[in-house]
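Asks: There's a structure below that I have some questions on.
The values are calculated or read from the model by the stated rules, or taken from the named source; none is laboratory data. Note that this is a predicted model, so its numbers are computed, not measured. No Cβ is skipped: glycine too gets one built from the backbone with ideal geometry, and neighbour counts run over all protein chains shown.
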Amino acid sequence: MHSRAPPLIEIGLTAAIVAVEADEPLILLTADSTNERTGLPFGPFNPLNHRTFEIGLRAWVEAQTGLRVGYVEQLYTFGDRGRHSGPDDSGPHVVSIGYLALTRMPDHRDARRAAGAGFQPWYRFFPWEDWRDGQPTLLDKTIRPLLAAWARQSDPPESRRALGRADRVRLYFCNAGNPWDEERVLERYELLYEAGLVEEARRDGRQAALARRLLPDLGEPMRFDQRRILATAIARLRAKLKYRPVVFELMPESFTLTELQSTVEAISGRHLHKQNFRRLVESTALVEPTGQSSTTTGGRPAALFRFRREVIQERPASGFRLGQRA
């Protein structure tokens, strides 16, 4: 038997860097060399220069965007074949380690950004995830009918999934009375990809995508599989809102309760009842008054609050237990 050289593997580092401004969740993007497609900051891990993956990630982010990120956590390892290459590409196979990073508004506003780098609303890439003004019309107009038609087809013989197509459509896109779970961001994107409804599926040569016309209203595509990485980051952040005080990594040192509620709504993609939210804040004791007020709202002065850091030592689960949406 002829020996074959082992495939080359390259480890990449990819950052989903989140901020909130004017009630919009933002993601930091960089342009490729042709400025035609945007994506997340990323670069290869160099074991000679980077002692850890996180050190390498921070170095790439600062080099590409001029931003020094604060809060960082590892998400997942993404290594699907072809994610960084075309069918005839003989280059190394890239395995990317994804990270979620959070930054406050003043930090990124003053950053010295490289050419082509900047923050953009993340709902440009996932328009069906924003329920703050009610259910997006895109769901009933486009997504659900197309998924229903796709689900009526049989699952391929090689499928090993415990749930069939129709079951997953019903569960993830709240058909037949199922509640919308804001944490299922990744499952919804992957279902749209599997059904061939997003441009990335066409670019990767999936038959389901090649057999239909392009659907430009299903969010903007990103480089490689970075929309999948971003979906993973959004899902992780939405989940952590409920049991960790990560939202305060996105807030200024002092803020009004209205600003805090708007930030939670922006991240979760859902509208919250004002009085219920304030009772939730009081019951969790996550904030304390500063004794000062803000007049920037244009109406009556609003009391300013700050994050009460002692809560981290007082109890392990210190987040916002948001009620389930019907």
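Asks: Just for the range 110-138: of the residues that are under 20 Å from the mean Cα position of the chain (by Cα) and under 14 Å from VAL69 (Cβ atoms), which one is modelled with the highest pLDDT?
Replies: Restricting to residues being under 20 Å from the mean Cα position of the chain (by Cα) and under 14 Å from VAL69 (Cβ atoms), the top hit is PHE119.
Asks: Could you count how many residues in the range 271-280 are buried (at least 17 other Cβ atoms within 10 Å of the Cβ) and in a helix (DSSP H, G or I)?
Replies: 2
Asks: Go through the range 274-317 residue by residue and tally those that are under 28 Å from ARG236 (Cβ atoms) and at pLDDT 70 or above.
Replies: Final tally of qualifying residues: 23.
Asks: Tell me which residues, restricted to the range 47-82, are over 25 Å from GLY118 (Cβ atoms), more than 19 Å from the chain's Cα centre (by Cα) and either β-branched (Val, Ile, Thr) or surrounded by fewer than 13 Cβ atoms within 10 Å (Cβ to Cβ) (or both).
Replies: Passing the criteria: PRO47, LEU48, ASN49, ARG51, THR52, ARG81.
Asks: For the range 188-244, enumerate the residues that are over 13 Å from the mean Cα position of the chain (by Cα), closer than 30 Å to THR284 by Cβ and among the charged types (D, E, K, R).
Replies: Result: LYS242, ARG244.
Asks: Next question. Condition (residue is farther than 25 Å from GLY134 by Cα, in a loop (DSSP other than H, G, I, E, B) and in contact with a Gly (Cβ under 9 Å, 6 or more places away or on another chain)) applied to the range 182-200: is it met by at least one residue?
Replies: no
Asks: Taking the condition of being among the charged types (D, E, K, R), assigned to a loop (DSSP other than H, G, I, E, B) and more than 23 Å from GLY39 (Cα to Cα), how many residues in the range 216-270 meet it?
Replies: Count: 3.
Asks: A further question on this structure: Give all pairs with beta carbons closer than 7 Å in which a residue from the range 273-290 that is in the same structural domain as GLN261 (by TED's automatic domain parsing) meets a residue that is among the small types (Gly, Ala, Ser) and surrounded by 11 or more Cβ atoms within 10 Å (Cβ to Cβ); count only pairs at least 6 apart in sequence or on separate chains.
Replies: Going by the 7 Å Cβ cut-off, the qualifying pairs are THR284/SER318; LEU286/SER318; PRO289/ALA303; THR290/SER254.
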